[in-house]
1. Using a 10 Å cut-off on Cβ to Cβ distances, tally the other chain neighbours for every residue of A:173-183 and report the average as a whole number.
2. Can you figure out the FRET efficiency of A:Arg61 with A:Ile134, using R₀ = 51 Å and their beta-carbon distance, to the nearest 0.05?
3. Estimate the FRET efficiency between A:Asn76 and A:Lys114 by the formula 1/(1 + (r/R0)^6), using the beta-carbon distance for r and 41 Å for R0, to the nearest 0.05.
4. Please compute the contact order of the range A:37-106 in relative form: average sequence separation of alpha-carbon pairs under 8 Å and at least six residues apart, divided by the residue count, as a percent.
5. From other protein chains only, count the Cβ atoms within 10 Å of every residue's Cβ in B:6-13, then give the mean.
6. Stokes-Einstein D for the range A:129-187 at 20 °C, 1.002 mPa s, Kirkwood Rh over Cα pairs, in µm²/s?
7. Return the FRET efficiency for the residue pair A:Asn90, A:Phe186: r is the Cβ-Cβ distance, R0 is 30 Å, and the value is rounded to the nearest 0.05.
8. Setting aside same-chain residues fewer than 8 positions from A:Lys131, which aspartates and glutamates have a Cα under 19 Å from its Cα?
Amino acid sequence: MMIVNAYKEDLTKLGVIREKPIVLKKTVTAKYVFKGKKYLSYEDARKQILPLKLDSVDAWRKYVFNNYLGAGIPDNPDVVYYGRGWVSYNHWLGISEKTKIKKNIKVEKVQRVKVEKKIKITPQLNLNKNKKFIELSSKRMPKAIKAIKLIGNLSNRGNYEYTDHDAKFIISELKERLKKTKNNFFK
Amino acid sequence: MVNNTQKRDKFIELAKSRVNRAINMIRLISNLANKSHYDYTPEQAKKIIKALNEEVKSVEARFASKKRGTEEFTL
């Protein structure tokens with residue numbers, strides 16, 4: 001034990017020993033007594049809470065559940081400080097209006113994505129319309145493929161004279177149209 | 001012997017009509033994407049796009065090959 005005490009500083013630096021958490025002395029100025037317990041004033045308690053940077057009431061409740069807050073800080077400040085300087089949880093945790101708004105937007109987006117996913121998961125195929133689609137596509141696709149194949153015949157240098165630029169232009173034109181059709185199908 | 005300018009004219013004339021025709025056919029197919037008239041599964045749409053893409057790619061390959069003939073043949 002003596003050795004440990006002698007090298008305490010080094011050991012804490014190395015991470016072998018953890019320093020004991022600083023516990024606030026129970027003799028603090030401006031105490032409130034609530035149901036037999038002593039508490040700091042609202043502002044003093046809030047100063048202890050702000051560095052934690054909790055970003056929501058939920059986070060606060062989780063923190064309270066998992067950690068020791070220190071003497072004089074209530075885990076239910078809304079009750080303890082009611083009528084003694086209590087403003088709101090947002091004020092207590094230091095959540096500004098801006099971050100609140102950002103969070104709300106995020107939540108909305110997440111909800112929207114969820115809804116969209118749900119719609120995608122359960123698509124209802126209109127069989128009548130699908131029948132029409134299959135009929136027409138099986139008629140039009142061979143025609144389209146034939147038309148594209150015919151363009152390939154123009155690559156014969158024995159019969160036609162063209163530059164690389166011409167060929168590239170034709171291909172890029174076709175690809176662009178294809179991209180548009182793809183976008184139409186997967187809107 | 002066919003003149004080079006004649007070959008060029010022929011190419012331009014045919015390319016115009018054929019590319020326009022192909023574009024028109026592609027347009028007709030993209031009409032099928034209209035969900036108020038037709039309905040389709042993502043798989044069906046993928047199939048169609050894939051077939052067209054492959055066709056365009058093969059045309060691109062034919063233009064890129066420097067051989068005189070159209071068909072690539074190797075033993």
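1. 6
2. 0.35
3. It comes to 0.80.
4. It rounds to 46 percent for the range A:37-106.
5. 4
6. After rounding, the answer is 157 µm²/s.
7. 0.10
8. Qualifying aspartates and glutamates at Cα under 19 Å: B:Asp39, B:Glu43.
Where a number appears in this text, it was derived from the coordinates with a stated rule and is not lab data. As the structure is a prediction and not an experimental result, all values here were calculated from the model. Glycine gets a Cβ as well: all are built from the backbone with ideal geometry, and neighbour counts include every protein chain shown.
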